[in-house]
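The values are calculated or read from the model by the stated rules, or taken from the named source; none is laboratory data. The shown structure was predicted, so the numbers you read here are calculated from the model rather than taken from an experiment. Using ideal geometry, Cβ is built from the backbone for each residue, glycine included, and neighbour counts are taken over all protein chains shown. Each accessible area value is taken on the protein alone, full model and side chains, heavy atoms only, with ligands, DNA and RNA left out. Shrake-Rupley method; radii C 1.70, N 1.55, O 1.52, S 1.80 Å.
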Amino acid sequence: MNIGVIIPSNLQKKEYTKPPGLMDKIRSFFSSSSGVEVSRADILEDLSLVICSVPFDNPEKISERCRRKMRSRIRLAFEKEGALPLLEHPKINGLCGLPNYEFEEVIRKVALKRFPELLNIIRGVGNLEDREVTVTGNSPYLEYAISSLITKVKVLNLLLPMDSVAPAEAEQAFEETGIPVHITNDAEVLGRSAIWIRFPDDHKSFDILPRKYDGIIVDLGAMKIVDTKNRKIFSIVIEFSERIRRKIGFSILEGWKAGYVESAVIAMCANMWNMNLAETSLRLGTVLTFIT
């Protein structure tokens, strides 16, 4: 499968100074006067990005005639390569009229399925096997948290709003592992917890608790990691591995919102491969991380 990406040529030129093999120039049917260059980045054996670079970083100064010529060249390039056009770089500003997709939900769904990875890269909380972790969220998320965390922590606390029903899996998990699953309505349990994992749709009464909590909050609803002690907030994002970013070209990935290209590729591949988003993200070798 080939995915088409359009970028300004000033980004692409940086990559041509790299050692051969990072970006293979293809198809000489374009005339040098067209201003359009085509290159290829092989991500997997069956997946490549076909990258069209165009001298279009200042849209206001490009005539409509030049726009039409570029659009025609780009269309022919993607047709020749069997590429599905997906993304235009933000600086292109609608040259080919591709939709401005929103992919926040892609990142959220991937992070929810792979959230234990986030816990492994958070510094300063020590070994979770020696720590208590508190979880909030609606019932299906609590059940999922139990199955995902029960063997990784010293104690798992489920903080529930008043009059809510505890998940049946809690008692079963304790019987099978011997690790306590503490079910409580008392927010004081956060005082013993190194990490608080907030799954989406936890009770609105918990919204005031971060002001009193002195620890790390992994907020999977807001896609943030909050260090309340040091007053820092990080965004959860997904990235290609360094190996794949090197193949694509680091500068080509500049200018997009963090994780945007990765999420777009995940969404398209999930649809084409008939896989869920988390499985697709793993096949693509992406990693979860957080940025300021």
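In the chain, the DSSP-assigned H stretches of four residues or longer account for a calculated mean residue ellipticity at 222 nm of -9000 deg cm²/dmol, using -39500 (n - 2.57) per stretch and the full residue count as denominator. In whole Hz and in residue order, list the ³J(HN,Hα) couplings for the stretch 237-243 that follow from phi through the Karplus curve 6.51 cos²θ - 1.76 cosθ + 1.60, θ = phi - 60°; x for Gly and Pro. Once rounded to whole Hz, the list reads 9, 10, 9, 5, 4, 4, 4. Across the stretch 108-121, rounded Karplus estimates of 3J(HN,Hα) from the backbone phi angles (6.51 cos²θ - 1.76 cosθ + 1.60, θ = phi - 60°) give 4, 5, 5, 5, 5, 7, 10, 4, x, 4, 5, 5, 6, 9 Hz, Gly and Pro being marked x. Under a 5 Å amide H cut-off, with hydrogens placed 1.01 Å from N, Leu84 pairs with Asn2, Ile3, Gly4 among residues at least 5 apart or on other chains. Remark: the Asn271-Asn93 segment gains 61.5 nm on full extension, using 0.36 nm per residue and subtracting the alpha carbon distance.
Placing Leu76, Leu220 in order of accessible area, with the largest value first and a 1.4 Å probe, yields Leu76, Leu220. Taking the accessible area of the chain, probe 1.4 Å, and keeping the other protein chains in place, the carbon and sulfur fraction comes to 49%. Once backbone amide H atoms are built at 1.01 Å from N, Phe290 has Val237 as its partners under 5 Å, excluding neighbours fewer than 5 places away on the same chain.
Find the accessible area per residue for the stretch 160-292; the probe is 1.4 Å, ligands and nucleic acids are left out, and the unit is Å². Provide the component values of the computation, followed by the final result.
Details: 6990 Å² over 133 residues.
For the stretch 160-292, the per-residue accessible area is 53 Å².
Straightening the chain between Arg246 and Asn10 buys 83.2 nm, computed as 0.36 nm per residue apart minus the Cα-Cα spacing. Glu171 contributes about 120 Å² of solvent-accessible surface, heavy atoms of the protein only, 1.4 Å probe.
Applied to the stretch 91-97, the Karplus parametrisation 6.51 cos²θ - 1.76 cosθ + 1.60 on θ = phi - 60° returns per-residue 3J(HN,Hα) values of 6, 6, 6, x, 4, 9, x Hz, with x for Gly and Pro. Could you name the aspartates and glutamates in cross-link range of Lys212, using Cα to Cα under 19 Å and dropping any fewer than eight places away on the same chain? The qualifying aspartates and glutamates are Glu132, Asp186, Glu188, Asp202, Asp227.
When the trypsin sites (Lys or Arg not before Pro) in the stretch 224-292 are filtered for DSSP coil states and for at most 13 other beta-carbon atoms within 10 Å of their beta-carbon, the remaining sites are Lys229, Arg231, Lys257.
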